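Enquirer: Have a look at the structure that comes next, please.
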Amino acid sequence: MMDLVTITDVGPRDGLQSQQTQVPTEGKLRLIQALFDAGLPSVEATSFVSPKAVPQMADADLLLPQVKVPAKARLSVLVPNLRGLERAAKAGATEISVVLSATNTMNRKNIAMDLSVATSTCVTVLEQAHKLGLASRAYVAVAFECPFEGPTAPARVLELALRMCDAGAGEIVLADTIGAASPVQVQTLLSALLGHIETSRLGMHFHDTRGMALANAWAALELGVRRFDASIGGLGGCPFAPGASGNVATEDLVLMAQQCGFATGIDLQGLLRAVALAQQMVGYPVGGHSVRWLRRADPRAETLNQ
Ligand code: COA
Ligand code: ZN
């Protein structure tokens, strides 16, 4: 049986949060639907953050109740504090993500908390989410390099990831927020974590700032990681992390995984429809490296869809 790679499309959240043009709620709903139609098993839909911090996500309370989640699929939402959790629960969330940056400065810039307050806030939110019966993901952001403090020590990431595990996080997502990692750094970080955290609980979140996201994903695949975040069309970038560009494009990651013998359950032609929709939403050309190739009338495209 083929090994399954599980991809969470974070485009509607990570991809749209930094867009200058306000995308209408209706458009976001169509994009999420197109992702589920393409077979995505998991989508991060929005964030319940301060509308002053991220105006693009101000419609989270309206959007979430309108999303139709297929049976067996997952829909997560990002929450930065207990206020966000309350809003998310009220809107019907079944899974939440918390974001803990590995450095003091990044936490201050992103959520106006120092590292220790950010850690205890994430612990409290995870514990409360568990009590409410919600599933959870915990990002460890700037896990490789911080735009303000430089390279991140793997020991720091391990310590924070273990705190998140103890607090009940179902999935620990190691985020290369600014796209600064290389495959060898992925090996180094994962080697530091794998003896302590089950591989099945780890996910990777790569940004493609320097074109190394796919190589980094491959390094993680080789070490047994099977959960990845990606963003349709490569949309994205954190507004609080200078230099961050979009996530690895979902279509690129799916193409690589499928061509290398992994199952994803995702249909590449369906992803192309979602890329076209994402482009319509943001108003400029988007798409991963593979899009032009996939769009060609290529007989191999049929096989790749299997
Ligand atoms: N949802 C909506 N509003 C919120 C909120 C939430 N989860 N948490 C706080 N607020 C509101 C407060 O009510 C307050 O509103 P007011 O000015 O109208 O009174 C305002 O935001 C400031 O509240 P405060 O607790 O002082 O927050 P802060 O200014 O220290 O900001 C965060 C902290 C976490 C709310 C803010 O930094 C944030 O939302 N960051 C998210 C960043 C992000 O999404 N990054 C990208 C993803 S990694
Ligand atoms: Zn990101």
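The values are calculated or read from the model by the stated rules, or taken from the named source; none is laboratory data. Fair warning: this is a prediction, and the values are worked out from it, not measured in the lab. So basically every Cβ, Gly included, is an ideal-geometry build from the backbone, and we count neighbours across all protein chains shown. When the accessible area is computed, the model is the full protein with side chains, heavy atoms only, and any ligands, DNA or RNA have been set aside. Shrake-Rupley method; radii C 1.70, N 1.55, O 1.52, S 1.80 Å.
Enquirer: If you take the square roots of the eigenvalues of the alpha-carbon gyration tensor of the stretch 103-232 and sort them as a ≥ b ≥ c, do you get rounded (a/c under 1.5), prolate (a/b over b/c) or oblate?
Expert: oblate
Enquirer: Also, I was wondering about something else. Given a 1.4 Å probe, how much area per residue of the chain is accessible, in Å²?
Expert: Values: 12520 Å² over 306 residues.
Dividing the accessible area of the chain by its residue count gives 41 Å².
Enquirer: Given the options Leu40, Leu100, Leu82, which has the most mean-square fluctuation in a GNM of the chain, springs set between C-alpha atoms less than 10 angstrom apart?
Expert: So, out of Leu40, Leu100, Leu82, the one fluctuating most is Leu82.
Enquirer: Net charge around Ala102, counting only other residues with Cβ within less than 15 Å of its Cβ (Lys, Arg = +1; Asp, Glu = -1)? Display every interim value, and only then the final one.
Expert: On the way: positive: Arg108, Lys109, Arg156, Arg163; negative: Asp114, Glu145, Glu149, Glu159, Asp176.
Cβ neighbours under 15 Å give a net charge of -1.
Enquirer: Let me ask something additional. So, with a 1.4 angstrom probe, what is the percent of accessible area on the stretch 1-122 that is carbon and sulfur?
Expert: Values: 2860 of 5140 Å².
Here it works out to 56 percent.
Enquirer: More than 17 Å apart: what percent of Cα pairs in the stretch 217-299 qualify?
Expert: 50 percent
Enquirer: Under 8 Å for C-alpha pairs, at least 6 residues apart: give me the relative contact order for the chain, rounded to a whole percent. Walk me through the numbers before you get to the answer.
Expert: Details: 650 pairs, mean separation 62.0, N = 306.
About 20 percent, as a whole number.
Enquirer: Next question. Counting pairs of alpha carbon atoms under 8 Å apart in space and at least six apart in sequence, what relative contact order in percent does the stretch 161-306 give? Mind dumping the intermediate values first?
Expert: Numbers: 219 pairs, mean separation 29.5, N = 146.
Taking the mean separation of contacting Cα pairs over the length of the stretch 161-306, I get 20 percent.
Enquirer: Rounded, prolate or oblate: which one fits the stretch 158-306, using the alpha carbon gyration tensor with axes a ≥ b ≥ c (rounded when a/c is under 1.5, else prolate when a/b beats b/c, else oblate)? Mind showing how you got there, number by number?
Expert: Details: a/c = 2.11, a/b = 1.52, b/c = 1.39.
Because a/c hits 1.5 or more and a/b exceeds b/c, the stretch 158-306 counts as prolate.
Enquirer: What are the lysines whose alpha-carbon lies under 24 Å from the alpha-carbon of Lys131, with same-chain residues fewer than 8 places away excluded?
Expert: Correct list for Lys131: Lys72, Lys90.
Enquirer: Grab the DSSP H runs of the chain that are 4 residues or longer, score each as -39,500 (n - 2.57), total them, divide by all residues and round the 222 nm result to the nearest 500 deg cm²/dmol.
Expert: Estimated from H runs of four or more residues: -12000 deg cm²/dmol.
Enquirer: Bin width 10 Å, origin at 0, all Cα-Cα pairs of the chain: what percent of pairs per bin?
Expert: The distribution over the chain is 6, 31, 39, 21, 3, 0, given as percents.
Enquirer: Specify the residue with the greatest mean-square fluctuation among Ile197, Ile96, Ile232, computed from a Gaussian network of the chain linking alpha-carbon atoms under 10 Å apart.
Expert: Ile197
Enquirer: Just tell me which aspartates and glutamates come within less than 20 Å, Cα to Cα, of Lys109; anything on the same chain fewer than 8 places away is out.
Expert: The reachable aspartates and glutamates, counting only those whose Cα sits under 20 Å from Lys109, are Asp14, Glu145, Glu149, Asp176.
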